[in-house]
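The values are calculated or read from the model by the stated rules, or taken from the named source; none is laboratory data. Please read all numbers here as calculations on a predicted model, not as lab measurements. Note that we place each Cβ from the backbone using ideal geometry, even for glycine, and neighbour counts take in every protein chain shown. Just so you know, the surface numbers come from the protein's heavy atoms only, side chains and all, with ligands and any DNA or RNA stripped out. Shrake-Rupley method; radii C 1.70, N 1.55, O 1.52, S 1.80 Å.
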Amino acid sequence: MSVQKTLSIIKPDATARNLTGSVNARFEQAGLRIIAQKRLCLTRAQAEKFYEVHREKAFYDSLCEYMSSGPVVAQVLCGDDAVAKNREIMGATNPANAEIGTIRRDFGQSIEHNVVHGSDSPENAEIEIQFFFSQLEIIE
Ligand code: IDP
Ligand code: MG
């Protein structure tokens with residue numbers, strides 16, 4: 001096990017329902033530490049850039065529209081195996097398929113409005129963290 005950092009985003013469907021604290025409690029209960037956090041609104045162009053890897057997918061337009069539709073909370077989570085651990089805490093992409101007790105199962109509304117984003121590899125975590133945060137904003 002190694003200590004890692006991962007990028008998490010609390011999505012607009014969750015900030016709209018005032019779930020920031022409830023989601024953060026799940027991370028902290030599971031032993032992840034929030035070492036950077038900020039609330040912001042992504043522009044459409046920023047959402048398109050962040051999700052560039054999905055640009056060929058049928059859901060890309062809708063996803064970018066949704067992710068720029070309201071406030072998000074971007075955060076850096078730190079802990080043992082943080083990338084995989086966060087994916088476990090989040091649950092499957094589609095809340096209907098996610099394990100009971102995961103964030104997406106307990107709070108998700110649909111496959112698109114699924115509460116949280118989490119990096120899928122340590123390499124992508126590094127890139128995604130740099131998308132939102134400068135070195136100075138990450139306090140270990
Ligand atoms: P992930 O967030 O679990 O890593 P990805 O496949 O990377 O899932 O998809 C990115 C985001 O795009 C998802 O979290 C979800 O909001 C949205 N999404 C994924 N698949 C679909 C779909 O089939 N329809 C609508 N939105 C989708
Ligand atoms: Mg993904």
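Observations on the structure shown:
- Of Lys5/Lys57; Lys57/Lys85; Lys11/Lys38, those spanning more than 20 Å from alpha-carbon to alpha-carbon: Lys5/Lys57; Lys57/Lys85
- Global geometry of the chain, whether rounded, prolate or oblate, following the gyration tensor of its Cα atoms and the 1.5 cut on a/c: rounded
- Segment Arg39..Glu123, full-extension length gain: 27.9 nm, with 0.36 nm per residue of separation and the alpha-carbon distance subtracted.
- Restricting the range 53-140 to chymotrypsin sites (Phe, Trp or Tyr not before Pro) in coil, as DSSP defines it, with at most 15 other Cβ within 10 Å: Phe59
- Accessible-area composition of the chain, carbon plus sulfur, in percent [1.4 Å probe]: 49
- Take the range 67-140 with all the other protein chains still there, run a 1.4 Å probe, and you get 49 Å² of accessible area per residue.
- Those trypsin sites (Lys or Arg not before Pro) in the range 1-93 that DSSP places in a loop and that have at most 15 other beta carbons within 10 Å: Arg17, Arg55, Lys57
- Each residue of the range 102-119 was assigned a 3J(HN,Hα) from its phi angle through the Karplus curve 6.51 cos²θ - 1.76 cosθ + 1.60 (θ = phi - 60°); the sequence is 8, 4, 5, 5, 7, 10, x, 10, 6, 4, 7, 8, 10, 6, 9, 10, x, 4 Hz, with glycine and proline shown as x.
- Contact order for the chain, expressed relative to its length and based on alpha carbon pairs under 8 Å spaced 6+ residues apart, stands at 37 percent.
- Couplings 3J(HN,Hα) of the range 21-29, computed from phi: x, 4, 5, 4, 4, 4, 5, 5, 4 Hz, in residue order, whole Hz [Karplus 6.51 cos²θ - 1.76 cosθ + 1.60, θ = phi - 60°; x for Gly and Pro].
- Gaussian network model of the chain, springs between alpha carbon atoms under 10 Å - residue of Ala16, Ala74, Ala84 with greatest fluctuation: Ala16
- The residues of the range 1-53 expose, per residue, 53 Å² of accessible area to a 1.4 Å probe.
- Candidates per GluC sites (Glu not before Pro) in the range 1-76, loop by DSSP, up to 15 other Cβ within 10 Å: Glu56
- Potential extension, Glu52-Asn97 segment - 0.36 nm per residue separation minus Cα distance: 13.7 nm
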